[in-house]
Amino acid sequence: MTEGTTSAVEAEAAASTDENVIARLEQEGDIAADYLEGLLDIADLDGDIDMDVEGDRALVSIVGEGNDRALQRLVGQDGEVLEALQELTRLAVHRETGERSRLMLDIAGFRARKRSELAALGAEAAEQAKSSGEQVKLRPMTPFERKVVHDAVAAAGLRSESEGEEPERCVVVLPV
């Protein structure tokens, strides 16, 4: 085979792998949607389920019409119920597929709003570390929250790391 042929074969294999990953993530989303629809029925709650694939994970959202207070109960205080439902949904996917799931669940836009707030916090901490030349230690956060902050800090051109043990693990933004 020539070098050009090898590259074409490699590109085709990579595209096939990408399609397989997307198909697997879509399957996770379908399983999660079925599971969540069952939970909504049991709880007698109204909500539509949206599915998407972002990067290397399935995203499943339960959305209601307007400001649905009933769905807010599924979020709980600071997203505690949402976290528990996400873990239960991941277990349901695992039971069906035999593979560990990293799917992300959002209810009534809670995670989307939280992501925006955390991105702003990460950018602000990065600016503070740049201007002061000192590291900035943030409050303890969940893994989801830390990931969003790490991404925002990296986008601002700085490094960050997590330190401590759960549930007190926090992000530390490092100056240049």
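The values are calculated or read from the model by the stated rules, or taken from the named source; none is laboratory data. If you're wondering where the values come from, they're calculated on a predicted model, not measured in any experiment. Quick reminder, even Gly has a Cβ in these numbers, built from the backbone with ideal geometry, and neighbours come from all protein chains shown.
Only a single item in (1) outside the structural domain of Tyr35 (by TED's automatic domain parsing); (2) more than 27 Å from Leu45 (Cβ to Cβ) is not met by Thr142, and it is number (2). Scanning the range 119-135 for residues that are within 24 Å of the chain's Cα centre (by Cα) and either buried (at least 19 other Cβ atoms within 10 Å of the Cβ) or at pLDDT below 95 (or both) returns Leu121, Gly122, Ala125, Ala126. Residues in the range 60-81 that are within 14 Å of the chain's Cα centre (by Cα) and either outside the structural domain of Leu103 (by TED's automatic domain parsing) or modelled with pLDDT under 95 (or both): Gly79 alone. For the range 160-174, residues that are under 18 Å from the mean Cα position of the chain (by Cα) and either of a type in the set (S, T, N, Q) or buried (at least 17 other Cβ atoms within 10 Å of the Cβ) (or both) total 2. Note on the range 90-108: residues that are under 18 Å from Thr142 (Cα atoms) and surrounded by 15 or more Cβ atoms within 10 Å (Cβ to Cβ) total 7. Evaluating Ser101 against the criteria (1) among the small types (Gly, Ala, Ser); (2) touching a residue at least 40 places away in the same chain (Cβ under 8 Å); (3) not assigned by TED's automatic domain parsing to the domain that holds Ala70 leaves one unmet condition, (3).
Just to be sure, is Val53 within 10 Å of Ala108 (Cα to Cα) and at pLDDT below 95? It would help to see each step written out before you state the result.
Values: within 10 Å of Ala108 (Cα to Cα): no; at pLDDT below 95: yes.
So Val53 does not fit the description; no.
The residues in the range 155-176 that are under 24 Å from Leu105 (Cα atoms), in contact with a Ser or Thr (Cβ under 9 Å, 6 or more places away or on another chain) and at pLDDT 95 or above can be counted, and the count is 3.
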